[in-house]
Amino acid sequence: MSDKDLLVVISEMLRKQDQQAEKLDEHSRILNQHSEILNEHTEILNEHTGILKNHTEILNKQIDISNKQTALITETNSNLREFMNISIQQFQEQQKFNEKFLGKLDEISKKP
């Protein structure tokens, strides 16, 4: 092989190496763009995660408040039932007393 042929082969090899380097540069640029996009998506997901955590905390606080309100309503209901039972009992006792009292008045009114 002559020097000229060798130079042509080397030149062709260098040209192909340059083409491959250009392709690698393009692929690196594309990968970097994808990496930037992935980083942006990761930031967005992290923000959404933070928002979801805040919402979860708020919902948990609301659940606690609802549970406390339920306990208070249950206690109030129990107190009202007790009050109503006492009121009914007092009404019945008053009714008995009134009937007894009216009976005595009838007896007195029938005496000459």
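The values are calculated or read from the model by the stated rules, or taken from the named source; none is laboratory data. Keep in mind the model is a prediction, meaning the values are calculated, not measured. No Cβ is skipped: glycine too gets one built from the backbone with ideal geometry, and neighbour counts run over all protein chains shown.
Summed over segment 86-112, the residues that are exposed (fewer than 10 other Cβ atoms within 10 Å of the Cβ) and either touching a residue at least 40 places away in the same chain (Cβ under 8 Å) or polar (S, T, N, Q) (or both) give a count of 1. Take the conditions modelled with pLDDT under 95 and either of a type in the set (Val, Ile, Thr) or touching a helix residue (DSSP H, G or I) at 6+ places or on another chain (Cβ under 6 Å) (or both) and apply them to ILE73. Does it pass? So ILE73 does not fit the description; no. Condition (residue is within 23 Å of the chain's Cα centre (by Cα), in a helix (DSSP H, G or I) and of a type in the set (A, V, I, L, M, F, W, C)) applied to segment 26-35: is it met by at least one residue? No; the residues of segment 26-35 include none that is within 23 Å of the chain's Cα centre (by Cα), in a helix (DSSP H, G or I) and of a type in the set (A, V, I, L, M, F, W, C).
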